[in-house]
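Participant: Submitted below is the structure of interest, expressed as structure tokens.
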Amino acid sequence: MGEVEEKLKDYEIKREGEAEIFMLKSNAVFFNPVQVHNRDMSIAVLRTFVVKRKEEHEALMDKRNKSRQKAKQSETSVPNGDDASGSQHDEIDAHEKELNQAVDGINDSSKEVPKTPSWKVTRELKPPIVLEALAASGLRSLRYAREVDGLGKVVATDNDKASVEACKRNIKFNGASAISKVEAHLADARVYMITHPKEFDVVDLDPYGSPSIFLDSAVQAVADGGLLMCTATDMAVLCGTNGEVCYSKYGSYPVKGKYCHEMALRILLASIESHANRYKRYIVPVLSVFMDFYVRVFVRVFTSANEIKNTPLKLSYVYQCVGCDSFHLQCLGRTVTKANFSRAVAALSKAQVKKVKRFLPNPERHWGPKVRAGRKITSKHVSLLGPEAINGVVNGASSHEDGNGAAPDESAVEHEEMKDDDENEPTTKRQKIGDDEPASEP
Ligand SMILES: C[S@@+](CC[C@H](N)C(=O)[O-])C[C@H]1O[C@@H](n2cnc3c(N)ncnc32)[C@H](O)[C@@H]1O
């Protein structure tokens, strides 16, 4: 007993919200009481997300049931399903498929048989699973499990052994409700997230400093329509004290302005979006805040290869006046709904309008330097250009000068043809004829 008491002297109990953690007085495992606002706010957002997710699922089920009912009705009205109703059926099927995909994004891929009536779909929405990727003592995970109703499971990972041990101890310390919901794993968060694609309805990143190295794996771990919460405490970098570092971490170069905290948020959002786009995913910001000494963003992650094309519309270059506070935004892209060619027509030059030829026409048919530049003539050329065009060239320069109009000598042509394919072409191409030199046979 005395030994236990001795050991307990090194610990103290910290209470925050409805969770209690057992902390080493030396604070060997990270615990920052100042971040209480961060955790409180995350709980509020998480509660709202759980409600919203449920509403969205119900709306989807409603839509799906209506569409099935409609399909059922049209089936009974036209029992044999003739050709006329085919396209309508196809349309409904396509709609069905779309809805199914959306539902699968929310549920897992379990195949449930529809209950009575046959069109009524009652797929249950599974309780959301949360991943706290950088959990430390597990305080945040424990608060989520105890203070947010309707959560299924909270997974807490950390790559520090002492932290995971502390987390496991704290789970036990918080009783049965925590034990049934929270689990702790020793793992590198990046590996864990990348090996659990789209498995978590909520992913929470709360690192020391910059979250940049976790973003790529985090956007892959979030389920469709899921929530990614992310803190960044490297404000000096995000606010422009060290622009090069910001560019290397987030892909944006910050300017120093009075709006630097808002810009920090936007840089973080743009970076998350950029990582998401690599996996045909995009984000919808839900809440973005600068508070105390950090920024925290809450974004939903969706998948759509089409929607990611809109990313340039969400991004801008900032032009900051060096003399005053004014600035100008230049959007990276804009949407043009309808192509308008009238301006292009109006932009035609006078010559184009009058259809004046921009290049002189050939002085004769098949005009060009090849034959005259001493290219070997083969039957290929004869058939291509016609005997008149190559007249004289096959028989040598003299006959060309003579211009006797005789048909090329077949045997000469055939003889040359033997060398033609592999020798003639490159030789001719390599041959450079000076401006003042007459063309000669190679
Ligand atoms: C700021 S603390 C987390 C605080 C915690 N979220 C809270 O609200 O109390 C960051 C934690 O991330 C952990 N960590 C750092 N890099 C990691 C990685 N690659 N994988 C997993 N955990 C990591 C550290 O061990 C540390 O415990």
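The values are calculated or read from the model by the stated rules, or taken from the named source; none is laboratory data. Remember, it's a predicted structure, so these values are computed and weren't measured experimentally. Here Cβ is always computed from backbone atoms with ideal geometry, including for glycine, and neighbour counts include all displayed protein chains. We work out accessible area using only protein heavy atoms, side chains counted, and drop any ligands, DNA or RNA first. Shrake-Rupley method; radii C 1.70, N 1.55, O 1.52, S 1.80 Å.
Participant: Just need a number here: residues in segment 201-226 that are assigned to a helix (DSSP H, G or I) and open to solvent by less than 10 Å² (accessible area, probe 1.4 Å).
Facilitator: Qualifying residue count for the region: 5.
Participant: Moving to a separate point now. Go through segment 160-184 and report how many residues are surrounded by 16 or more Cβ atoms within 10 Å (Cβ to Cβ) and within 12 Å of the ligand (Cβ to nearest atom).
Facilitator: 7
Participant: Taking the criterion of being open to solvent by less than 90 Å² (accessible area, probe 1.4 Å) and modelled with pLDDT of 75 or more, would at least one residue in segment 355-364 satisfy it?
Facilitator: Scanning segment 355-364 turns up at least one residue that is open to solvent by less than 90 Å² (accessible area, probe 1.4 Å) and modelled with pLDDT of 75 or more.
Participant: Another question, if that's okay. I need every pair where a residue in segment 246-260 that is touching a residue at least 12 places away in the same chain (Cβ under 8 Å) has its Cβ under 9 Å from the Cβ of a residue that is among the basic types (Lys, Arg), sequence separation at least 6 or different chains.
Facilitator: Going by the 9 Å Cβ cut-off, the qualifying pairs are SER252/ARG266.
Participant: Scan segment 132-159 residue by residue and report those that are near the ligand (Cβ under 8 Å from one of its atoms) and either over 15 Å from PHE30 (Cα atoms) or of a type in the set (Val, Ile, Thr) (or both).
Facilitator: The one that is near the ligand (Cβ under 8 Å from one of its atoms) and either over 15 Å from PHE30 (Cα atoms) or of a type in the set (Val, Ile, Thr) (or both): THR157.
Participant: Next question, about the same structure. Would you mind finding the one in ASP149, ASP108 that is acidic (Asp, Glu) and at pLDDT below 95?
Facilitator: ASP108
Participant: I would also like to ask the following. Those residues that are touching an Asp or Glu at 6+ places or on another chain (Cβ under 9 Å), within 24 Å of LYS309 (Cβ to Cβ) and open to solvent by 40 Å² or more (accessible area, probe 1.4 Å), I need them from segment 254-278; list them, please.
Facilitator: Scanning segment 254-278 gives a single hit, ARG278.
Participant: Kindly indicate whether ALA189 is of a type outside the set (Lys, Arg), under 21 Å from ALA28 (Cβ atoms) and more than 9 Å from the ligand (Cβ to nearest atom).
Facilitator: Answer is no for this residue.
Participant: Could you please find all residues in segment 288-338 being exposed (fewer than 14 other Cβ atoms within 10 Å of the Cβ) and under 20 Å from ALA223 (Cα atoms)?
Facilitator: If the condition is that a residue be exposed (fewer than 14 other Cβ atoms within 10 Å of the Cβ) and under 20 Å from ALA223 (Cα atoms), then SER304, ALA305, ASN306 are the ones that fit.
Participant: Among the listed residues LYS153, LYS172, LYS181, LYS168, identify the single one that is more than 32 Å from the chain's Cα centre (by Cα) and under 20 Å from ALA221 (Cα atoms).
Facilitator: Result: LYS181 is the single residue among LYS153, LYS172, LYS181, LYS168 that is more than 32 Å from the chain's Cα centre (by Cα) and under 20 Å from ALA221 (Cα atoms).
Participant: Just wondering, is there one or more residues in segment 232-249 that are under 22 Å from MET291 (Cβ atoms), modelled with pLDDT of 95 or more and among the aromatic types (Phe, Trp, Tyr)?
Facilitator: No - not one qualifying residue is present in segment 232-249.
Participant: Just one of the numbered conditions (1) within 16 Å of the ligand (Cβ to nearest atom); (2) within 15 Å of the chain's Cα centre (by Cα) is not true of ASN277; which one?
Facilitator: (1)
Participant: Which one of these does SER141 not meet: (1) buried (at least 23 other Cβ atoms within 10 Å of the Cβ); (2) at pLDDT below 95?
Facilitator: Answer for SER141: the failing condition is (2).
Participant: Cβ-Cβ distance below 6 Å, separation of 6 or more or different chains: which pairs start in segment 124-140 with a residue that is touching a residue at least 24 places away in the same chain (Cβ under 8 Å) and end on one that is more than 16 Å from the ligand (Cβ to nearest atom) and open to solvent by 40 Å² or more (accessible area, probe 1.4 Å)?
Facilitator: PRO127/GLY150; ILE129/LYS153
Participant: When both residues are 6+ apart or on different chains and their Cβ atoms are under 7 Å apart, which pairs have a first residue that lies in segment 309-337 and is within 21 Å of LEU268 (Cβ to Cβ), and a second that is open to solvent by 60 Å² or more (accessible area, probe 1.4 Å) and aliphatic (A, V, I, L, M)?
Facilitator: As it stands, the answer is PRO312/LEU332; LEU315/LEU332; SER316/LEU329; SER316/LEU332; VAL318/LEU329; CYS331/LEU313; GLY333/LEU313, since those pairs meet every condition given.
Participant: Among the residues of segment 242-252, are any among the β-branched types (Val, Ile, Thr) and more than 25 Å from the chain's Cα centre (by Cα)?
Facilitator: Looking through segment 242-252, none of the residues is among the β-branched types (Val, Ile, Thr) and more than 25 Å from the chain's Cα centre (by Cα).
Participant: Sticking with this one: Among the residues of segment 24-59, what is the count of those that are within 11 Å of the ligand (Cβ to nearest atom), surrounded by 15 or more Cβ atoms within 10 Å (Cβ to Cβ) and of a type in the set (A, V, I, L, M, F, W, C)?
Facilitator: Of the residues in that region, 3 qualify.
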